[in-house]
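Data first, discussion second: the structure below is written as structure tokens.
Coordinate-derived values only; no laboratory data. Predicted model, so just to flag it, every value in this text is computed and none were measured. When we count neighbours, we look across all protein chains shown, and the Cβ atoms used for this are built from the backbone with ideal geometry, even at glycine.
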Amino acid sequence: MFRLAELYYEKSSDEFLTAQENYQKALDSPNPPAGQPPKADYSQTVSLYRRLLVEFPNYRLLDATYYLLGFCLGEMGQDAEARQALLALVCANQYRPLDPPSKLPVSTGSTKSALVDFYKECTPIKKESKFLPEAWTRVGEMHFDAAELAYAISAYGRVLQFKDSPYYDKAIYKLAWSYYRDNRFIDAIREFDGLVKWADSKKAAGDKFGSELRPEAVQYLGISFSEPDWDGDTIPDPETGLQRAQNFYRGRESEPHVKEVFQRLGDIYFDSTKYPEAIAVYKYILQMWPYFADAPKLQEKIVKAFERDRNLIAAAKEREMLGRNYSKGSDWYKQNINNP
């Protein structure tokens, strides 16, 4: 039954891909179709998995059955039923796969004073199951897409125990993004920063890429620091983004990615025409890391920021510094002469 369900899945998947290709060709034709695009139909597979669970509740591949049932239901857009099946895999002490989709136990909103870890007490159907990281990630995605952020945070957090999983970096990123969307900027920054450090450590250990999510994590670090209202009172806080970043990274300035985060913060201010804030960040970078390879570019941006802010006298002075500090023979030039 299990193998037959897999064959039904492969057959339905092939039919769906063919239907998609034909639909795309029809769209490119002179008379495109007016109907809806094709949808995946794995009903035969789903029916077999459900029958298997009823007739063989102690089947040795029970975790795979739960996972595949949830996956197929999700591919068909039946998210509530899919979540129920996946939760039966990762939280077997509280959920059963064939029960009607469970209602969320409390309001989906979170409070700043107490963030409830809804899945803390969960026990999986099989502790060593290889499907646990992906199942928790999929549960988190469903909560995230439904703006159930407290539940998403709880689900993504379960993945962090599986450091060797290919879903580990995605879970950290989505956990950080969930915190960000919930206006929990300190928590978001902690997780985004953790992802960047993890990616850099992987690359240092020989991994060619580290994590494809690293650039986005750096971007959201800059965005999080630049958010003007951290306490939620709709009034800009007295603490600037630069001050927040300085406080967060105090004592860690030697870590390779830190100046990159400050640079992104400055660029975010610059691109949003907050020129005084951008200048303050760029000047801090040049003071803290005077031999930074991108220092001339930052000095040029300081000049442009003053020009766009209509402070031409200050722009002229900064342009003089550009020629004096980064010309051939300068200390910066000697330190970077071997840079590509």
(message) If I model a spin label at Met1 and Arg310 as a point 7 Å from the Cα along the Cα→Cβ vector, what separation in nanometres do I get?
(response) 7.7 nm
(request) Report the GluC sites (Glu not before Pro) located in the range 211-253 that are in a DSSP loop and have at most 16 other Cβ atoms inside 10 Å of their Cβ, or state none. (result) Glu212, Glu239, Glu253
(message) Using a Cα-Cα cut-off of under 29 Å, which lysines could be cross-linked to Lys328, ignoring same-chain neighbours fewer than 8 residues away?
(response) Lys259, Lys283, Lys297, Lys301, Lys304, Lys317
(message) Going Cα to Cα from Lys274, which aspartates and glutamates come in below 12 Å? Please leave out same-chain ones fewer than 8 positions away.
(response) Asp309
(message) Loop-only trypsin sites (Lys or Arg not before Pro) in the range 287-340, please: DSSP not H, G, I, E or B, and at most 12 other Cβ atoms within 10 Å.
(response) Arg310, Lys328
(message) Would the range 89-236 count as rounded, prolate or oblate if I go by the C-alpha gyration tensor, calling it rounded below 1.5 in a/c and otherwise prolate when a/b exceeds b/c, oblate otherwise?
(response) oblate
(message) What would the Debye equation give as log₁₀ I(q)/I(0) for the chain at q = 0.10, 0.12, 0.15 Å⁻¹, counting only Cα atoms as equal point scatterers?
(response) -0.79, -0.96, -1.19
(message) Would the range 234-307 count as rounded, prolate or oblate if I go by the C-alpha gyration tensor, calling it rounded below 1.5 in a/c and otherwise prolate when a/b exceeds b/c, oblate otherwise?
(response) oblate
(request) For the range 1-103, just say rounded, prolate or oblate: build the C-alpha gyration tensor, square-root its eigenvalues into a ≥ b ≥ c, call rounded for a/c under 1.5, and beyond that prolate if a/b exceeds b/c, oblate if not. (result) prolate
(request) Calculate the all-directions average of the projected area of the range 184-229's alpha-carbon convex hull, and give it in nm². (result) 2.9 nm²
(request) Keeping to pairs on different chains or 8 or more places apart, tell me how many lysine pairs in the range 109-182 have Cα atoms under 21 Å apart. (result) 12
(request) For the range 109-182, state the average projected area of the convex hull of the C-alpha atoms over all orientations, rounded to one decimal in nm². (result) 4.8 nm²
(message) Using a 4.7 Å cut-off between beta carbons, which cysteines in the chain end up with no partner cysteine at all?
(response) Cys72
(message) Only sites in a loop by DSSP and with at most 14 other Cβ atoms within 10 Å count here; which chymotrypsin sites (Phe, Trp or Tyr not before Pro) in the range 212-300 make the cut?
(response) Tyr291
(request) Return Cys91, Cys72 ranked ascending by Cβ neighbour count within 10 Å, so the fewest neighbours appear first. (result) Cys91, Cys72
